[in-house]
1. Report, ordered by the first and then the second residue, all pairs with beta carbons closer than 8 Å, sequence separation of six or more or different chains, a first member in the range 1-12 that is within 12 Å of Pro23 (Cβ to Cβ), and a second member that is at pLDDT below 85 and outside any strand (DSSP E or B).
2. Return the residue satisfying two criteria in turn: it lies in the range 1-37 and is touching a Leu at 6+ places or on another chain (Cβ under 9 Å) and not hydrophobic (A, V, I, L, M, F, W, C), and of such residues it is nearest to Val122 (Cα to Cα).
3. Going by what's in this entry, would Leu57 be described as closer than 18 Å to Ser30 by Cα, in contact (Cβ under 8 Å) with a residue 40 or more places away in the chain, aliphatic (A, V, I, L, M) and assigned to a helix (DSSP H, G or I)?
4. Show the residue pairs that are 6+ apart or on different chains and have beta-carbon atoms under 7 Å apart, the first residue being within the range 79-108 and in the same structural domain as Val46 (by TED's automatic domain parsing), the second being exposed (fewer than 13 other Cβ atoms within 10 Å of the Cβ) and modelled with pLDDT of 85 or more.
5. Kindly evaluate Glu65 against the criterion of being in a helix (DSSP H, G or I), touching a helix residue (DSSP H, G or I) at 6+ places or on another chain (Cβ under 7 Å) and either among the charged types (D, E, K, R) or more than 29 Å from Phe13 (Cβ to Cβ) (or both).
6. Looking only at the range 30-44, filter to residues that are modelled with pLDDT of 90 or more and not in a loop (DSSP other than H, G, I, E, B); which one of those is surrounded by the fewest Cβ atoms within 10 Å (Cβ to Cβ)?
7. Restricted to the range 6-16, and to residues that are more than 30 Å from Gln131 (Cα to Cα) and either of a type outside the set (Gly, Ala, Ser) or surrounded by fewer than 10 Cβ atoms within 10 Å (Cβ to Cβ) (or both), which residue is modelled with the lowest pLDDT?
8. Has the range 89-104 got at least one residue that is assigned to a loop (DSSP other than H, G, I, E, B), buried (at least 17 other Cβ atoms within 10 Å of the Cβ) and of a type in the set (Phe, Trp, Tyr)?
Amino acid sequence: MICSYCQTENGNFASECEFCEAPLKVVRPSLNRDVVEEDYEKPYPVLVTYHTYHLLLLLRKVREERTKCYHLMRGVQKGAELIEIDSDTLAFAESEYRRYTAHMRVIEGILIDRMGYKPKRVDDKLLVSLQGKIQNG
């Protein structure tokens, strides 16, 4: 088995590289993956295998959904003052906002581990810059 880090040949049954001691069975992130916008709902073990570029795309999407949910939740809360809205509707809106927030924090945590920070904004300028670095690197 060839180490994906140092390209050293290792025995077929080795669990780590004999030269650099990197794990041999770990799947490294790749840009050759189909990513759908709803992938932000995947659990941590799956998300950590995504390329940083894809994680940024997912972060942008989950932040958009969270913002929409926040505005909807605030509208429901304000509407509850004016008209009778049952507590189940209000609880659902709040739970959806918390769910999007949790998904967002998972992706941000992975990005902090990789990049050392979480981007304030994920805009086209950031994505184009990263894609240029990937293609030149």
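1. Short answer, once both residue conditions are applied: Met1/Gly11; Met1/Asn12; Met1/Ala14; Ser4/Val26; Ser4/Arg28; Asn10/Met1.
2. Among them, the one singled out is Glu37.
3. yes
4. Once the first residue is in the same structural domain as Val46 (by TED's automatic domain parsing) and sits in the range 79-108, its partners that are exposed (fewer than 13 other Cβ atoms within 10 Å of the Cβ) and modelled with pLDDT of 85 or more give Val106/Tyr44.
5. Values: in a helix (DSSP H, G or I): yes; touching a helix residue (DSSP H, G or I) at 6+ places or on another chain (Cβ under 7 Å): yes; either among the charged types (D, E, K, R) or more than 29 Å from Phe13 (Cβ to Cβ) (or both): yes.
The answer is yes for Glu65.
6. Residues of the range 30-44 modelled with pLDDT of 90 or more: 39-44.
With the extra rule that they be not in a loop (DSSP other than H, G, I, E, B), the set shrinks to 39-41, 44.
Numbers: Asp39: 19, Tyr40: 24, Glu41: 15, Tyr44: 10.
The selected residue is Tyr44.
7. The residue in question is Asn12.
8. no
The values are calculated or read from the model by the stated rules, or taken from the named source; none is laboratory data. The structure presented is a predicted model; accordingly, all values stated were derived computationally and were not measured. Note that we place each Cβ from the backbone using ideal geometry, even for glycine, and neighbour counts take in every protein chain shown.
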